[in-house]
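Visitor: Sharing a structure, written as structure tokens. Questions coming.
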Amino acid sequence: MTLPDVRAIDSRNGDRRPVHERVVLKTNYYVINLDRSPERLAAIGADAATIGIDLIRVKAVDGKTVAPEAREILDESGFRRLHGKIPMDGEYGCYQTHIDVFDAFLASDADIAVIFEDDVQLTPALLPALDRIVAVDDWDVVKLMHHRLPAFRAHRSIGGGHRLGTSLFGPTGSSAAYLVNRQGANTLRQRLVPMQLPYDVALERGWALGVRVRHVEPDLVSGNPLTQQSLIGGRKKYAAMRLAPWRRLTTLLFRTAEAVRRARFGLSARTER
């Protein structure tokens, strides 16, 4: 990816006008993949080859194989209090894996990480839009895919009919595709631990995390119909994890406060760090 830089000065013949140069930003493209899902890796790998990017595979943590006492980043009482459910094995595995991706990214020399879960479908529209996103320093995290985005506030166009902006209502769902810069990743790595919410819910809480979270509308990435079946758990299993109503009062209070904070954040989201 390239970024326009106007800091250079043209001193020819005493001219002090800014010169537009191109700063190359190194981008790593990560894909999260379970060992038991080679067909998913093959599918997204084929998409990546078609659009000309190299994927770095990060081995997904299989939550089923991690004993409850070994789930070091999980605050189960906090999860029950804020989310009103018992955490599923897959939710823990998903959360831990995204933290592992941050560690890999921060240990590299890349400026930007684009993070995919392995059930998404990549299209040629992705790379031009990413170039336009990174051309302006008004973001730390950008979600490229959502389950819902009902109240979107556009900030700018990124071409191809896509816009970058904030969400006034949520959670918007999905952590299947997003990009993050180094400062954003460093902040998320520190503040997303311990785990008290599902990862997709926690990721977009810019008001609580201190990062500039943005959304792309419409989505730049879609689910792959060949590989999109959830490995975390179906709706019935998810519903079975719900606590009794009287034990979810703290969840109701939390979500009410979150709705207000989200709307305020979306309407007055800062662009500077």
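The values are calculated or read from the model by the stated rules, or taken from the named source; none is laboratory data. In this text the structure is predicted, and so the values were computed from the model without any measurement. All Cβ positions, even for glycine, are placed from backbone atoms using ideal geometry, and neighbour counts span all protein chains on display.
Visitor: Would it be correct to say that residue 68 is closer than 16 Å to residue 178 by Cα and loosely packed, with under 15 Cβ neighbours inside 10 Å? Quick ask: steps written out before the conclusion?
Guide: Numbers: closer than 16 Å to residue 178 by Cα: no; loosely packed, with under 15 Cβ neighbours inside 10 Å: yes.
Considered against the rule, which asks whether it is closer than 16 Å to residue 178 by Cα and loosely packed, with under 15 Cβ neighbours inside 10 Å, residue 68 comes out as no.
Visitor: Still on this model: Any idea which residue in region 175-211 is surrounded by the most Cβ atoms within 10 Å (Cβ to Cβ), counting only those that are farther than 12 Å from residue 142 by Cα and among the small types (Gly, Ala, Ser)?
Guide: Looking at the filtered set, the residue picked out is 202.
Visitor: When you check residue 148 against the structure, is it in contact with a Gly (Cβ under 8 Å, 6 or more places away or on another chain) and either assigned to a loop (DSSP other than H, G, I, E, B) or farther than 16 Å from residue 215 by Cα (or both), yes or no?
Guide: Spelling it out, residue 148 is indeed in contact with a Gly (Cβ under 8 Å, 6 or more places away or on another chain) and either assigned to a loop (DSSP other than H, G, I, E, B) or farther than 16 Å from residue 215 by Cα (or both).
Visitor: May I pose another question? Output yes when any residue across region 245-267 is buried (at least 18 other Cβ atoms within 10 Å of the Cβ) and either at positive phi or modelled with pLDDT under 95 (or both), and no when none is.
Guide: Yes, there is a match, as at least one residue in region 245-267 is buried (at least 18 other Cβ atoms within 10 Å of the Cβ) and either at positive phi or modelled with pLDDT under 95 (or both).
Visitor: Identify, by number, the condition in (1) farther than 21 Å from residue 200 by Cβ; (2) modelled with pLDDT of 95 or more; (3) out of contact with any Lys or Arg (no Cβ under 8 Å at 6 or more places or on another chain); (4) not small (Gly, Ala, Ser) that residue 146 doesn't meet.
Guide: Here residue 146 clears every test but (1).
Visitor: Further question on the same structure: Looking at region 67-87, which of its residues are hydrophobic (A, V, I, L, M, F, W, C) and within 17 Å of residue 203 (Cβ to Cβ)?
Guide: Correct list: 73, 74, 79, 82.
Visitor: In contact with an Asp or Glu (Cβ under 9 Å, 6 or more places away or on another chain) and not aromatic (Phe, Trp, Tyr): is that true of residue 131 in this structure?
Guide: Criteria not met by residue 131.
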